1. Given the -39500 (n - 2.57) contribution per DSSP H run of 4+ residues, what per-residue ellipticity at 222 nm results for the chain, rounded to the nearest 500 deg cm²/dmol?
2. Would you mind computing, in nm to one decimal, how far apart the modelled labels at Val80 and Arg53 are, each placed 7 Å from Cα along Cα→Cβ?
3. Counting heavy atoms of the protein chains only and a 1.4 Å probe, report the per residue accessible area for the chain as a whole number of Å².
4. Leaving ligands, DNA and RNA out of it, report the carbon-plus-sulfur percent of the accessible area of the chain at a 1.4 Å probe.
5. In nm, to one decimal, how far is the modelled label at Asp62 from the one at Ala40, with both set 7 Å along Cα→Cβ?
6. Given (1) 2, 14, 26, 25, 19, 10, 3, 0; (2) 2, 10, 12, 14, 17, 14, 12, 8, 5, 3, 2, 1, 0; (3) 3, 14, 26, 28, 18, 7, 3, 1, 0, which label gives P(r) over Cα pairs in 5 Å bins from 0, in percent as computed from the coordinates?
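The values are calculated or read from the model by the stated rules, or taken from the named source; none is laboratory data. All of these numbers come straight from a predicted model, not from anything done at the bench. Cβ sites come from the backbone with ideal geometry, for glycine too, and all protein chains shown count toward neighbours. Accessible surface is based on the protein model in full, side chains and every heavy atom, while ligands, DNA and RNA are left aside. Shrake-Rupley method; radii C 1.70, N 1.55, O 1.52, S 1.80 Å.
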Amino acid sequence: MAKIIIPTPLRKFTENQSNVELNGETIQGSIQELAGKFPAIEKHLFDDDGKIRSFVRIYLGDEDIKQLDNENTKVENDSVISIIPAIAGGIL
């Protein structure tokens, strides 16, 4: 099972779990499975068209999926997927 690392701001939607193991064959399938298990997280990860939101970065291991095959990137049983939400801010 692939492991999805849940960032701290989204853990309130996953019963405070820091990671979740899932069976998706691709990044898209894995993230959809996560949203199916924890429906409250869906609106934070997907837009109205069911696409992963542009400001959410997904990494497979150390590689941004944008450098791979995007949402169609294949996931193996020992894969580690990290969700990195955009953080806005600056110097006060």
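1. Using -39500 (n - 2.57) per qualifying helix, the result is -4000 deg cm²/dmol.
2. 2.5
3. Accessible area per residue, the chain: 64 Å².
4. The computed percentage sits at 46.
5. 3.5
6. Computed from these coordinates, P(r) over Cα pairs in 5 Å bins from 0, in percent corresponds to label (3).
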